[in-house]
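Data block below; observations after.
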Amino acid sequence: MNPTDLVRTLYAAFGRADLPAVLAALAEDVDWRYCGPAAAPYSGTFRGRDGAKRFFETYLAAFALTSFEPQRFLADGDTVVVLGRESGSVPTTGRSATYDWVHVFFVRDGKIAAFREFPDATAVDALFRKA
């Protein structure tokens, strides 16, 4: 499977809420990073599949996702960049938003070896900021 198809498979598993399939697409030593504002409880670096699992559990507990749309896939060898958009709300603040993001996947031996997410930091920060 080529890197772009692997990323599409991962997104399909995420869309089905199939976390085991998402984790199976990751290398054992995956370096998963959410490069968003510190106000988001899932910001930071997560190591290995267990770390990626913690990221997803924290993300899904803190953010009520209503729409997730990978829109454009750009590939260069084993690197896949995806431009997309998501919508949702934060139950603890009652705020909702729709914002754009950039995902960067680094593939090694048919698995996701590293991931970086660059969200609209201003929008995400406003979602979590306490009044």
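The values are calculated or read from the model by the stated rules, or taken from the named source; none is laboratory data. On a predicted model such as this, the values are computed, not experimentally measured, just so you know. Don't worry about glycine lacking a Cβ; one is built from the backbone with ideal geometry, like all the others, and counts go over all protein chains shown. Surface accessibility is based on the protein's heavy atoms, side chains included, excluding ligands, DNA and RNA. Shrake-Rupley method; radii C 1.70, N 1.55, O 1.52, S 1.80 Å.
Miscellaneous remarks
- When only Cα pairs below 8 angstrom with a gap of at least 6 residues are kept, the chain shows a relative contact order of 26 percent.
- If both residues of a DSSP beta bridge must be in the chain, then about 90% of such bridges are antiparallel.
- Rounded if a/c under 1.5, otherwise prolate or oblate - the range 45-103, Cα gyration tensor axes: oblate
- Axial C-alpha extent at least 15 Å, average Kyte-Doolittle at least 0.0 - helices from the chain (DSSP): 3-15
- Projected label distance in nm at THR9 and ASP78, using a 7 Å step from Cα toward the beta-carbon: 1.6
- Convex hull per residue volume in Å³, alpha carbons only, for the range 91-131: 88
- Cα-based values for the range 1-120, radius of gyration first and Dmax second, are 13.6, 42 Å.
- Within the chain, helix-based [θ] at 222 nm, where runs of 4 or more DSSP H residues each add -39,500 (n - 2.57), nearest 500: -9500 deg cm²/dmol
- Restricting the range 1-86 to trypsin sites (Lys or Arg not before Pro) that sit in a DSSP loop and have at most 12 other Cβ atoms within 10 Å of their own Cβ leaves ARG16.
- Backbone phi angles across the range 38-44, fed through the Karplus curve with coefficients 6.51, -1.76 and 1.60 (θ = phi - 60°), yield HN-Hα couplings of 4, 5, 7, x, 9, 6, x Hz in residue order; Gly and Pro are listed as x.
- Using the Cβ-Cβ distance between ALA64 and ASP125 with R0 set to 22 Å, the FRET efficiency from 1/(1 + (r/R0)^6) comes to roughly 0.80.
- Normalising the Debye intensity of the range 20-80 to I(0), with uniform scatterers on Cα atoms only, and taking log10 at q = 0.21, 0.25, 0.27 Å⁻¹ returns -1.04, -1.21, -1.22.
- Accessible surface, the chain, averaged per residue in Å² (probe 1.4 Å): 50
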